[in-house]
Amino acid sequence: MASELPEYYFRVRENGAIVFRVDTENRQRRIEMDQIATVNTRNGEFKPQGDTVLSPEDERVIREWIAARQETLARRDVDDILRAIDHLNLTAHWAQSRATEAQLEAVTDDLLLAMHDLRTVLVRKKADRLAKG
């Protein structure tokens, strides 16, 4: 089992991770995880934990993880938006075919304001892109 474990473990948290070095080479043959750094995925920065001095290998692995994590999060953002589009379509179908008057009354103003806000942002961003291009 010891040979199958990675050398590093990243405990994901909001806006980053805590980095552990995994150690299985000890007398008790237990898995030990030593916290070595904290990572901020938003700005790509990381800092050693406590008195830990990061080796060049530690830093390389952390940088690679940050790049991969940022790519994963970017893909998830787009996927979330595509799901939101599907949900808007399902909401339109619900409003047209199944919603009661009371249900429509409960959600209409909030939906209209959210859609207006989204439309305003999208139109402004599209105009900015067209002006640049």
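Taken together, the values in this text are just the output of simple stated rules run on the coordinates, not laboratory data. As the structure is a prediction and not an experimental result, all values here were calculated from the model. No Cβ is skipped: glycine too gets one built from the backbone with ideal geometry, and neighbour counts run over all protein chains shown.
Here ALA131 passes the criteria (1) in a helix (DSSP H, G or I); (2) surrounded by 10 or more Cβ atoms within 10 Å (Cβ to Cβ) except the one numbered (2). Taking the criterion of being in a loop (DSSP other than H, G, I, E, B), of a type outside the set (Val, Ile, Thr) and over 26 Å from ALA74 (Cα atoms), the residues of region 8-52 that qualify are GLU25, ASN26, ARG27, GLN28, ARG29, ARG30, GLN49, GLY50, ASP51.
Scanning region 51-72 for residues that are of a type outside the set (Val, Ile, Thr) and within 16 Å of ARG11 (Cβ to Cβ) yields ASP58, TRP65, ALA68, ARG69.
Listed by first and then second residue, the pairs with beta-carbon distance under 9 Å, at least 6 apart or on different chains, first residue in region 97-124 and surrounded by 12 or more Cβ atoms within 10 Å (Cβ to Cβ), second part of a loop (DSSP other than H, G, I, E, B), are VAL107/ALA99. Could we say that ASP77 is in contact with a Ser or Thr (Cβ under 9 Å, 6 or more places away or on another chain), within 30 Å of PRO6 (Cα to Cα), acidic (Asp, Glu) and assigned to a helix (DSSP H, G or I) here? For ASP77, the condition - in contact with a Ser or Thr (Cβ under 9 Å, 6 or more places away or on another chain), within 30 Å of PRO6 (Cα to Cα), acidic (Asp, Glu) and assigned to a helix (DSSP H, G or I) - is not met. Check whether at least one residue in region 25-36 is surrounded by fewer than 10 Cβ atoms within 10 Å (Cβ to Cβ) and within 28 Å of the chain's Cα centre (by Cα), and report yes or no. Taking every residue of region 25-36 in turn, none turns out to be surrounded by fewer than 10 Cβ atoms within 10 Å (Cβ to Cβ) and within 28 Å of the chain's Cα centre (by Cα).
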